[in-house]
Amino acid sequence: MKVNYQLIAVGAALALVVGVAAVFLASSDPDGLDSTALITQGQKELTAPANPDAEIDEAILPGSFAYSAPFPDYTLEGAGKLTDVALMAGGILVALAVVLGLGFGIKAFSRAGAP
Amino acid sequence: MHIPDSFIPIGQAAVYWLIALVFIALALRWVRREMSDEKVPLLAVLAAGVFALQAFNIPVTMGTSGHLVGGALVAIVLGSPFAAVFVLSLVLIVQGVLFGDGGLTTMGANIVNMGVIGGFVGYYSYQGLMGLTKSMLASAAGAAWLACFIPALAAAVELAFAGTFPFGPGLVSMGIYHALIGVIEAGITAVVIKLIATARPDILDSSAGVPA
């Protein structure tokens, strides 16, 4: 099977550029779901600007399952921008590798299983 | 619109996981049976791109920001809604497990919203709009907008069932914010598809309507 390494390299490079730019340029305003949650908890009005101190009160929500991700919010406590860039790049490359690995794995498995 | 763990009680979250698993199984079967080996790198590159673009929050006024979701983009480029289910599921797993972006119990709901609903709405509305308008750019933009807006309404309904959002105000707020965020989805999806159609028309699925 011929693998298009050029596509992988160019695509990964483009994704890395966008991801690294996102570390520096992305808005820190809450997303649509979090904004809605803040409204329902009386901490925001629909059209009002974001309050940087507003935080969603998880204790009053119906779900209680909690999981601590190793790098919450794509950062580490006290880390600088360089760490954030490395984590973002790592996430992008893990996503790429997982899809590549699973995709080729399924294809190899189905060939091996074919009569 | 990544729903965190605390937003849905675990029993309801399990129901969305079951629905998600059915579609993940169908997506795996699609990869095995329908997708050619040569498309695996494209699928992986789209996953990397979606991961990066989902981190790029752009302000949409009213103290809110949004980012590309990518369901329509992946489904149109690969020519199947199951491509979106496959890519979005894996991206959501990486985001949830490593970065706490979206919960683990609620990952099923997130896969249903962004992968399944986003992918199917994006793919079929693109096909419908192409038939009507014959314009790749307009169809991609329209399909992508719907593939952001409709999953957001689905999330609002799920969160109303969960008791997290009041039904009416939740729908209104999710709807208004994602009508705006959908413009980002529309713009990026249309531009990326136009770029691929110009630079590498051969990698675009024939169902996208671009002669290779």
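With contributions of -39500 (n - 2.57) from each DSSP H run of at least four residues, the per-residue ellipticity at 222 nm computed over chain A stands at -19000 deg cm²/dmol. For the peptide A:54-65, the mean number of other protein chain Cβ atoms found within 10 angstrom of a residue's Cβ is 6.
Shown is the FRET efficiency for A:VAL3 and B:VAL157, computed with R0 = 35 Å from the Cβ-Cβ distance and rounded to the nearest 0.05: 0.25. A simple rule links phi to the HN-Hα coupling: the Karplus curve 6.51 cos²θ - 1.76 cosθ + 1.60 with θ = phi - 60°, which for the range A:66-77 gives 10, 9, 9, 6, x, 10, x, 6, 6, 8, 10, 4 Hz, with x for Gly and Pro.
Given a cut-off of 30 Å, name the pairs among A:LYS2/A:LYS81; A:LYS107/B:LYS134; A:LYS2/B:LYS194 whose C-alpha atoms lie farther apart than that in the structure shown. The pairs that break the limit, which is 30 Å between Cα atoms, are A:LYS2/A:LYS81; A:LYS107/B:LYS134. Among the residues of A:100-110, the average count of other protein chain beta-carbon atoms within 10 Å of the residue beta-carbon is 6. For the range A:52-115, the Kirkwood radius over C-alpha pairs fed into Stokes-Einstein at 20 °C and 1.002 mPa s yields D = 136 µm² per second.
With a 10 Å cut-off around each Cβ of A:34-43, the average count of Cβ atoms from other chains is 6.
Summing Lys and Arg as +1 and Asp and Glu as -1 over all other residues whose Cβ lies under 12 Å from the Cβ of B:CYS148 gives a net charge of -2. Counting every Cα pair in the range B:86-212, what percent are over 26 Å apart? Counting every Cα pair in the range B:86-212, those more than 26 Å apart make up 28 percent. Hydrophobic, long helices, defined as DSSP H runs whose alpha-carbon span along the helix axis is 15 Å or greater and whose mean Kyte-Doolittle value is at least -1.0, occur in chain B at B:10-33, B:40-54, B:81-99, B:118-133, B:136-162, B:167-199.
With 0.36 nm allotted per residue and the present C-alpha distance subtracted, the A:ALA79-A:LEU25 stretch has 17.7 nm of extension available. At q = 0.08, 0.13, 0.14 Å⁻¹ the log10 of I(q)/I(0) for the protein assembly as shown amounts to -0.34, -0.93, -1.08, computed by Debye summation with a single uniform scatterer per C-alpha, solvent ignored. The coefficient of translational diffusion for the range A:1-55, derived via Stokes-Einstein from the alpha carbon Kirkwood radius under 10 °C and 1.306 mPa s, stands at 111 µm²/s. What is the local net charge at B:PRO9, summed over the other residues whose Cβ is closer than 14 Å to its Cβ (Lys, Arg +1; Asp, Glu -1)? Surrounding charge for B:PRO9 is -3. Using the Stokes-Einstein relation with a Kirkwood hydrodynamic radius computed over Cα pairs, the translational diffusion coefficient of chain A at 4 °C and a viscosity of 1.567 mPa s comes to 72 µm²/s. Residue order by solvent-accessible surface for B:ASP202, B:ASP5 is B:ASP202, B:ASP5, largest first, with ligands and nucleic acids left out and a 1.4 Å probe.
Each eigenvalue of the Cα gyration tensor of chain B, multiplied by 5 and square-rooted, gives one semi-axis; in descending order these are 27, 20, 15 Å.
The values are calculated or read from the model by the stated rules, or taken from the named source; none is laboratory data. If you're wondering where the values come from, they're calculated on a predicted model, not measured in any experiment. Heads up, the Cβs are rebuilt from the backbone with ideal geometry, glycines too, and the neighbour counts pull from every protein chain shown. Note: areas computed on protein heavy atoms with side chains; ligands, DNA, RNA excluded. Shrake-Rupley method; radii C 1.70, N 1.55, O 1.52, S 1.80 Å.
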